[in-house]
Amino acid sequence: MDLYAVYGAGGFGREMMYVARQQLRAQGVSPDQVIFVDDAVKENQLINGQRSMPATDFLALQSVQRHAVLAIANSEIRERLALRCVEHGIKLWSLCAETALIMDGVEIGEGAILAPFVNLTANIRIGKQFHANSYSYVMHDCVIGDFVTFAPGVKCNGNVVIEDHAYIGAGAVIKQGVPGKPRVIGRGAVIGMGAVVTRDVAPGVTVVGNPARPMSVAAKMSSVSASTD
Ligand code: UDP
């Protein structure tokens, strides 16, 4: 009997359990074979009526084929746990909600989670362990790296490159690039909630606002405006 784990019983994991059950039901897998796994769970218990197991127990299980999807928004944790799962012979699994729409020419790496109402349009390349939360979209000709995370409602327009470990906050809009000169969001960059990104974002930089600016500049401007009010 195969066992399917949603690894992470935090906010995102509890949301994605519904998607996991729905996906597996369509494949004829019983809901009893779907469990939460979490390092903070210390004993077998029910979470939202679903069996949950301490991570150490799941990692030690040898008698069944184990699959895990990493439903944790923090990309560094996902990278660490993906390695841990592979070392323990656990297959990395992906989730795609019934309402998610994937169009033509889309390549997507292992471990992805596409939440309800996500839309990936045409000719898109996405690396491993991508999270796209509800109502996010990725338009044509985008290239997305490994361990990239979209909060709900991200609007990623065409010809955008997003490098590994970038985090895009809820409702952010990324302006389209042009063929041969994509807009680039650098490795590990953070785009704040609701930001409107009209320029490239350097690796590791946090931008906020409309038009989006590096956090330090925005913070400085707000303190200047506060002192002149
Ligand atoms: N977690 C885990 N192993 C780790 C780090 C985190 O099992 O090494 C779990 C943590 O116990 C928590 C979940 O991941 O239950 C993260 O949940 P949270 O609500 O903080 O974030 P989100 O669900 O938004 O990713």
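The values are calculated or read from the model by the stated rules, or taken from the named source; none is laboratory data. Keep in mind it's a predicted model, so treat the numbers as computed, not measured. A quick note on method: Cβ atoms are made from the backbone with ideal geometry, for glycine too, and the neighbour counts reach across all protein chains shown.
Does ILE191 meet the test of being without any contact (Cβ under 8 Å) to a residue 40 or more places away in the chain and under 19 Å from GLY111 (Cβ atoms)? Before the answer, list the steps.
Working: without any contact (Cβ under 8 Å) to a residue 40 or more places away in the chain: yes; under 19 Å from GLY111 (Cβ atoms): no.
Answer is no for this residue.
Are any residues in the range 1-37 part of a strand (DSSP E or B) and among the β-branched types (Val, Ile, Thr), and if so, which ones? Lay out the reasoning, then the answer.
Taking the range 1-37 as the starting set, the residues that turn out to be part of a strand (DSSP E or B) are 3-7, 34-37.
Residues satisfying the conditions are VAL6, VAL34, ILE35, VAL37.
Out of all the residues in the range 63-96, which are among the small types (Gly, Ala, Ser) and within 15 Å of the ligand (Cβ to nearest atom)? Don't jump to the end; show me each part of the working.
We begin by selecting, within the range 63-96, every residue among the small types (Gly, Ala, Ser); these are 63, 68, 71, 73, 75, 82, 89, 94.
Result: ALA68, ALA71, ALA73, SER75, ALA82.
Note down all Cβ pairs under 8 Å where the first residue falls in the range 133-148 and is at negative phi and among the charged types (D, E, K, R), the second is modelled with pLDDT under 95 and surrounded by fewer than 20 Cβ atoms within 10 Å (Cβ to Cβ), and they're at least six residues apart or on different chains.
No pair meets every condition.
Would you point out the residue of the range 10-38, among those that are surrounded by 17 or more Cβ atoms within 10 Å (Cβ to Cβ) and closer than 18 Å to PHE130 by Cα, that is nearest to the ligand (Cβ to nearest atom)?
PHE12
Residue by residue through the range 125-145, note down the ones that are touching a strand residue (DSSP E or B) at 6+ places or on another chain (Cβ under 9 Å), under 25 Å from ARG14 (Cβ atoms) and surrounded by fewer than 24 Cβ atoms within 10 Å (Cβ to Cβ).
ILE126, LYS128, ASN133, TYR135, TYR137
I want to confirm something. Restricting to the range 39-94 and keeping residues that are part of a strand (DSSP E or B) and closer than 20 Å to GLN129 by Cβ, which single residue is farthest from the chain's Cα centre (by Cα)? Write out each step before concluding.
Step one: list which residues in the range 39-94 are part of a strand (DSSP E or B), which gives 45-47, 50-54, 66-70, 91-92.
Remaining after also requiring closer than 20 Å to GLN129 by Cβ: 66-70, 91-92.
Working: ARG66: 21, HIS67: 18, ALA68: 15, VAL69: 11, LEU70: 9, LYS91: 18, LEU92: 14 Å.
That would be ARG66.
Could you list, ordered by first residue, the pairs with Cβ atoms under 9 Å in which the first is in the range 66-87 and closer than 14 Å to THR56 by Cα and the second is away from the ligand (no atom under 11 Å from the Cβ) and in a loop (DSSP other than H, G, I, E, B), at least 6 apart or interchain?
That search, which allows pairs on different chains as well, returns ARG66/ASP2; ARG66/HIS88; ARG66/GLY89; ARG66/ILE90; ALA68/ILE90; ALA68/TRP93; ALA68/GLY111; ARG84/ILE90.
For the range 160-183, enumerate the residues that are among the β-branched types (Val, Ile, Thr) and either touching a strand residue (DSSP E or B) at 6+ places or on another chain (Cβ under 9 Å) or in a loop (DSSP other than H, G, I, E, B) (or both).
Going through the range 160-183, the residues among the β-branched types (Val, Ile, Thr) turn out to be 160-162, 168, 173-174, 178.
VAL160, VAL161, ILE162, ILE168, VAL173, ILE174, listed by residue number.
When you go through (1) in contact with a Ser or Thr (Cβ under 8 Å, 6 or more places away or on another chain); (2) away from the ligand (no atom under 13 Å from the Cβ) one by one for ILE113, which number turns out not to apply?
Tallying (1) in contact with a Ser or Thr (Cβ under 8 Å, 6 or more places away or on another chain); (2) away from the ligand (no atom under 13 Å from the Cβ), ILE113 fails exactly one: (2).
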